[in-house]
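The values are calculated or read from the model by the stated rules, or taken from the named source; none is laboratory data. None of these values were measured; they are calculated from a predicted model. Note that each Cβ is placed from the backbone with ideal geometry, even for glycine, and that neighbours are counted across all protein chains shown. What goes into the accessible areas is simple: the full protein's heavy atoms, side chains included, and nothing from ligands, DNA or RNA. Shrake-Rupley method; radii C 1.70, N 1.55, O 1.52, S 1.80 Å.
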Amino acid sequence: MQQAFTSQFDRIIDRSNTSSSKWEKYAGRDILPFWVADMDFPVPEFILDAIRARLEHEIIGYTRVPQTLIQAFQSWLQRNYSWTVLEEWLVWLPGVVPGFNLAARAVAEPDSALMIPTPVYYPILAVPGNTGQQAQTVALVPDGNRRWCMDFDALQSTVSSNTRMLMFCNPQNPTGRVYGKAELAALADFALQHNLTLCSDEIHCPLVLDEQARHLPIASLSPEIADRTITLYAPTKTYNIPGLSCAVAVIPNADLRHNFRRAMADLVHSAGPLAFAASTAAFADESSYLPELRSYLRGNLALLREHAGARMAALEGTYLAWIDMRDTSVAHRPGAYFEEHGLGLSDGAAFDGAGFVRFNFGCPKSLLMQGLHRFDDAIQALPGD
């Protein structure tokens, strides 16, 4: 395979003076940021070209979702997951986070509850409070191979007559789990048994790094489960374009889709023309970019695993490692502790995973190695350890 992109992943790009959320968090401090899910790789040229082409027109006006984007997304699902979706099932959004909240509002009733397996991407934890629902959190459990799994006994003991939805990530953020077909089928059966709607955040699905794992959209398992699932996608993580956020909800059930759209009314609008252009190029991509990105991330993952060892969950997907610090004297403040050693990680408490940290390894190897040296120093300096 021609290595058209790999050399770009090694480039150190100065992000100062760009108001970067990732880098500005520690402005003026000697702390390297490996926290938010924003890679330090350049946006591929074919996406920049699509944005430049749109800017050739002198007006950036209100824009309908282009038919080219719709077709590119449908083809992308068919090409990668053998899932055929109809255009009428699609609701376009400015991001997956609004999609979480709209999904919950679409099924919310007085005193209803939302079930959330944790740890999980922290905006999901905010949804029950945003929508006036009861939160039912259920802890994921690690298996003998350090993969985080659904605890179906705990799900069964927690679900109640007022539970309306279960919301989860696949691939899982922050643990990096890619759920297999058997586990997804069991979750689908659980949802059908208890008349639950599922909201599945699948934004990281192209970033499966374990070559034995494969992403499977849960809604593609059967028409019955598709009929009660809202699936959220966006190209922003894979192509590093979170500043041009554009997402889509796949909602086959017409009544559920109507309720979702009604929750949007005059509050949430679709993305803009530059985001549409970038997203169309991303979903249409059949270049070597993604295989090369996954290969590079696998190399970074191997380096991180050498340093974190058994503390790190057995990551199958995403570029976000979940590292266990619960056996240390800084378990109550691991994020702050690493910051004191010049390393900006996400504290697990925000994900309902106290005692853990999340490490974003989506960056040039030379930058990662600087971070890993600081990680080693911090581990060696643990008080009382």
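Key figures
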quantity	calculated
Residue match in the stretch 163-178 (condition: assigned to a strand (DSSP E or B), under 13 Å from Ile230 (Cα atoms), touching a strand residue (DSSP E or B) at 6+ places or on another chain (Cβ under 6 Å) and not hydrophobic (A, V, I, L, M, F, W, C))	no
Residue selected from the stretch 30-50 under the condition over 18 Å from Leu368 (Cα atoms) and open to solvent by 60 Å² or more (accessible area, probe 1.4 Å), by the criterion farthest from the chain's Cα centre (by Cα)	Asp49
Neighbours by Cβ (under 7 Å, 6+ apart or cross-chain): first from the stretch 272-299, touching a residue at least 24 places away in the same chain (Cβ under 8 Å) and of a type in the set (Asp, Glu); second part of a helix (DSSP H, G or I) and surrounded by fewer than 18 Cβ atoms within 10 Å (Cβ to Cβ)	Asp285/Phe46; Glu292/Thr6
Those residues of the stretch 151-162 which are hydrophobic (A, V, I, L, M, F, W, C) and not in a loop (DSSP other than H, G, I, E, B), in sequence order	Phe152, Ala154, Leu155
Extreme residue, most open to solvent (accessible area, probe 1.4 Å), among residues of the stretch 335-361 that are part of a helix (DSSP H, G or I) and more than 14 Å from Leu372 (Cα to Cα)	Glu340
Residue satisfying condition, being acidic (Asp, Glu) and either modelled with pLDDT under 95 or at positive phi (or both), within set Asp324, Asp347, Asp352	Asp352
Filtered residues of the stretch 179-208 (kept if in contact with a strand residue (DSSP E or B) (Cβ under 6 Å, 6 or more places away or on another chain) and over 16 Å from Thr231 (Cβ atoms))	Leu207, Val208
Residues that are assigned to a loop (DSSP other than H, G, I, E, B) and of a type outside the set (Val, Ile, Thr), drawn from the stretch 310-334	Ala313, Ala314, Leu315, Glu316, Tyr319, Met325, Arg326, Asp327, Ser329, Ala331, His332, Arg333
Subset tally (residues that are β-branched (Val, Ile, Thr) and part of a loop (DSSP other than H, G, I, E, B)) for the stretch 179-205	1
Out of Arg79, Arg105, sole residue that is at pLDDT 95 or above, touching a Ser or Thr at 6+ places or on another chain (Cβ under 8 Å), more than 19 Å from Gly353 (Cα to Cα) and among the charged types (D, E, K, R)	Arg105
Candidate set: the stretch 151-163, residues that are of a type in the set (S, T, N, Q) and farther than 15 Å from Pro110 by Cα; chosen: the one most open to solvent (accessible area, probe 1.4 Å)	Ser157
Qualifying helices (runs of 4 or more DSSP H) (wholly inside the stretch 215-286; at least 1 residues being closer than 26 Å to Gly132 by Cβ and open to solvent by 30 Å² or more (accessible area, probe 1.4 Å))	254-264
Some residue of the stretch 51-62 being crowded, with 17+ Cβ neighbours inside 10 Å, in contact (Cβ under 8 Å) with a residue 60 or more places away in the chain and under 25 Å from Thr318 (Cβ atoms)	no
Every pair of residues 6+ apart whose Cβ atoms lie under 9 Å, when the first sits in the stretch 368-385 and is farther than 18 Å from Arg358 by Cβ while the second is assigned to a helix (DSSP H, G or I) and hydrophobic (A, V, I, L, M, F, W, C)	Met369/Leu303; Asp385/Ile379
Unique residue being on the phi < 0 side of the Ramachandran plot, surrounded by fewer than 13 Cβ atoms within 10 Å (Cβ to Cβ) and without any contact (Cβ under 8 Å) to a residue 12 or more places away in the chain when the list is Ser7, Ser19	Ser7
Residues being in a loop (DSSP other than H, G, I, E, B) and either aromatic (Phe, Trp, Tyr) or buried (at least 19 other Cβ atoms within 10 Å of the Cβ) (or both) - total across the stretch 113-150	7
